[in-house]
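**Q** The structure that follows is given in the form of structure tokens.
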């Protein structure tokens with residue numbers, strides 16, 4: 001596609017040591033990685049908001065990140081953008097034998113099982129033989145916890161009932177409370193217990209078929225919206241939020257909640 005070729009050309013120009021952009025020339029895989037993650041989140045945000053204009057823009061930014069990393073790899077003699085496209089095309093054909101080959105599945109569950117077996121074969125080819133090998137460490141912690149738990153569940157290491165997960169969550173919360181009482185200064189131990197509790201929270205979300213990242217993003221947005229309304233109420237009274245006591249702010253918070261439900 002000519003427009004992709006144009007984008008590749010722009011990338012090469014930006015990376016030119018003499019005539020390019022100083023910032024782009026300075027970038028490495030490591031310095032660029034946080035920007036790649038940020039662009040992926042901006043894509044997700046546009047999707048959540050149903051904003052197709054922003055989605056088109058953000059997908060373009062994410063595509064440019066792929067092109068940027070491919071350019072860095074090409075300069076280092078590893079691979080280029082065309083290699084990335086070819087490798088992904090081959091992978092998609094390999095993982096969809098029911099579409100591109102003669103294999104047939106009787107249900108979507110069979111298809112998912114075959115998909116996972118194919119991914120397992122690919123992991124073994126990379127010497128990732130353990131059940132939990134190959135789970136990306138750079139994932140958000142809650143997302144990674146879900147993937148770890150799904151892998152463990154495939155071999156039967158899982159609670160069969162959601163109520164058992166809730167029991168475990170209550171147990172972890174109690175352990176954290178006990179640690180706070182006896183070791184208030186031991187942040188290492190407290191952090192460990194808090195991490196255990198969060199891991200079980202993620203497991204509960206998995207059992208409830210809820211994406212914990214999505215649920216927390218929604219809770220964040222709800223808090224922001226309510227807080228903004230409180231600020232608006234206070235601004236209309238020509239006062240400062242810092243002059244309000246916690247009890248007064250709690251009262252306003254409850255009023256905003258009540259208004260939402262009415």
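**Q** Please specify each residue of the stretch 102-112 satisfying the condition of being out of contact with any helix residue (DSSP H, G or I) (no Cβ under 8 Å at 6 or more places or on another chain) and loosely packed, with under 11 Cβ neighbours inside 10 Å.
**A** Within the stretch 102-112, the subset out of contact with any helix residue (DSSP H, G or I) (no Cβ under 8 Å at 6 or more places or on another chain) is 102, 106-110, 112.
If the condition is that a residue be out of contact with any helix residue (DSSP H, G or I) (no Cβ under 8 Å at 6 or more places or on another chain) and loosely packed, with under 11 Cβ neighbours inside 10 Å, then 102, 106, 107, 108, 109 are the ones that fit.
**Q** Answer yes or no: is there a residue in the stretch 100-108 that is assigned to a helix (DSSP H, G or I), within 30 Å of residue 154 (Cα to Cα) and out of contact with any strand residue (DSSP E or B) (no Cβ under 9 Å at 6 or more places or on another chain). Even if it seems obvious, please write down each step before you answer.
**A** Filtering the stretch 100-108 for residues assigned to a helix (DSSP H, G or I) gives 100, 108.
Okay, now just the ones that are also within 30 Å of residue 154 (Cα to Cα), so 100, 108.
Still in the running and out of contact with any strand residue (DSSP E or B) (no Cβ under 9 Å at 6 or more places or on another chain): 100, 108.
The answer is yes; a qualifying residue exists.
**Q** Report yes if some residue within the stretch 14-33 is within 20 Å of residue 84 (Cα to Cα) and at pLDDT below 95; otherwise report no.
**A** There is at least one residue in the stretch 14-33 that is within 20 Å of residue 84 (Cα to Cα) and at pLDDT below 95.
**Q** Looking at the structure I just gave you, is residue 146 under 20 Å from residue 205 (Cβ atoms), touching a residue at least 24 places away in the same chain (Cβ under 8 Å) and either outside any helix (DSSP H, G or I) or touching a helix residue (DSSP H, G or I) at 6+ places or on another chain (Cβ under 9 Å) (or both)? Quick ask: steps written out before the conclusion?
**A** Numbers: under 20 Å from residue 205 (Cβ atoms): yes; touching a residue at least 24 places away in the same chain (Cβ under 8 Å): yes; either outside any helix (DSSP H, G or I) or touching a helix residue (DSSP H, G or I) at 6+ places or on another chain (Cβ under 9 Å) (or both): yes.
Considered against the rule, which asks whether it is under 20 Å from residue 205 (Cβ atoms), touching a residue at least 24 places away in the same chain (Cβ under 8 Å) and either outside any helix (DSSP H, G or I) or touching a helix residue (DSSP H, G or I) at 6+ places or on another chain (Cβ under 9 Å) (or both), residue 146 comes out as yes.
**Q** List the pairs whose first member sits in the stretch 109-137 and is at positive phi, whose second member is outside any loop (DSSP other than H, G, I, E, B) and modelled with pLDDT under 75, and whose Cβ atoms are under 7 Å apart, counting only residues at least 6 apart or on separate chains?
**A** Correct list of pairs: 134/123.
**Q** Read through the list (1) under 30 Å from residue 254 (Cα atoms); (2) loosely packed, with under 13 Cβ neighbours inside 10 Å, then give the number of the only condition that residue 155 fails.
**A** Of the numbered conditions (1) under 30 Å from residue 254 (Cα atoms); (2) loosely packed, with under 13 Cβ neighbours inside 10 Å, the odd one out for residue 155 is (1).
**Q** Are any residues in the stretch 8-65 part of a loop (DSSP other than H, G, I, E, B) and either loosely packed, with under 14 Cβ neighbours inside 10 Å or touching a helix residue (DSSP H, G or I) at 6+ places or on another chain (Cβ under 6 Å) (or both), and if so, which ones? Walk me through it before giving the result.
**A** Just the residues of the stretch 8-65 that are part of a loop (DSSP other than H, G, I, E, B), to begin with: 15-21, 27-28, 50-51.
Residues satisfying the conditions are 15, 16, 17, 18, 19, 20, 21, 28, 50, 51.
**Q** Another question about this same structure. How many residues are surrounded by 13 or more Cβ atoms within 10 Å (Cβ to Cβ) and farther than 29 Å from residue 46 by Cα if we restrict to the stretch 84-97? Explain how you work it out, then say what you get.
**A** Residues of the stretch 84-97 that are surrounded by 13 or more Cβ atoms within 10 Å (Cβ to Cβ), as a first pass: 84-85, 91, 94-97.
Okay, now just the ones that are also farther than 29 Å from residue 46 by Cα, so 94, 97.
Residues that pass the stated criteria total 2.
The values are calculated or read from the model by the stated rules, or taken from the named source; none is laboratory data. Being a predicted model, the structure only gives us computed values, none of them experimental. For neighbour counting, all protein chains shown are included, and Cβ atoms are generated from backbone atoms with ideal geometry for every residue, glycine included.
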